[in-house]
Amino acid sequence: MPGSYVANNVTYHVESNSDGTINITTADEEYKGTQMGDLKLGAFTIRNISYDNAAQAYVRDYTSDGVRVRFKSSTGMDGEYSFTSGKITASLDSDGKLHVTNVFKIGRMPFEITATFVGTKE
């Protein structure tokens, strides 16, 4: 089910922890006109993302962290689901823009979703 869809007006909140890790909280996201209908993905938080020197980014595989998210489609799916796979990568470029890539599957999805976000500090 390939496709590229845009969720408008999305924000990510980054919080630093005293141990040098960060937490990232996503906002609610809505995708219109996908092959599964209109989709709504609720907000969720990924905690304790460590800096990886080799990747020069904050990276975390959160598959086993117990993170759950509300997912709803216009075709009838509506519930809270666990991530069955999830890896997030976050970095700042030389212009100070935040780049986040989040690759994940929820519930029994047969495919991964790759979400990308580029934003600036407010």
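For residue 90, the conditions (1) at pLDDT below 90; (2) over 20 Å from residue 32 (Cα atoms) are fulfilled apart from (1).
Selection of first residues in region 94-112 that are under 24 Å from residue 15 (Cα atoms) and of second residues that are among the β-branched types (Val, Ile, Thr) and assigned to a loop (DSSP other than H, G, I, E, B), restricted to Cβ pairs under 6 Å at least 6 apart or on distinct chains, gives the following pairs, ordered by first then second residue: 97/120.
Restricted to region 77-122, and to residues there that are assigned to a strand (DSSP E or B) and among the basic types (Lys, Arg), the residue that is nearest to the chain's Cα centre (by Cα) is 87. Name the residue that is nearest to the chain's Cα centre (by Cα), counting only residues in region 7-33 that are polar (S, T, N, Q), within 20 Å of residue 72 (Cα to Cα) and open to solvent by 20 Å² or more (accessible area, probe 1.4 Å). In this case the residue turns out to be 25. Residues of region 18-74 that are touching a residue at least 12 places away in the same chain (Cβ under 8 Å) and among the small types (Gly, Ala, Ser): 20, 27, 33, 37, 42, 43, 50, 55, 57, 66, 73, 74.
Answer with yes or no whether residue 36 is open to solvent by 60 Å² or more (accessible area, probe 1.4 Å) and at pLDDT below 90. Taking the combined requirement at face value, the residue does not satisfy it. Here is the figure for region 66-122: residues that are surrounded by 16 or more Cβ atoms within 10 Å (Cβ to Cβ), within 22 Å of residue 48 (Cα to Cα) and charged (D, E, K, R) total 2. On the stretch given as region 61-74, residues that are closer than 16 Å to residue 112 by Cβ and not in a loop (DSSP other than H, G, I, E, B) total 3. Considering 43, 55, the condition of being under 17 Å from residue 23 (Cα atoms), of a type in the set (A, V, I, L, M, F, W, C), open to solvent by less than 100 Å² (accessible area, probe 1.4 Å) and in a loop (DSSP other than H, G, I, E, B) is satisfied by 43 alone.
The values are calculated or read from the model by the stated rules, or taken from the named source; none is laboratory data. Since this is a predicted model, take the numbers as computed values, not measurements. Note: ideal-geometry Cβ built from the backbone for every residue, glycine included; neighbour counts use all protein chains shown. The protein model used for the area step is the full one, side chains on, heavy atoms only, and it has no ligands, DNA or RNA in it. Shrake-Rupley method; radii C 1.70, N 1.55, O 1.52, S 1.80 Å.
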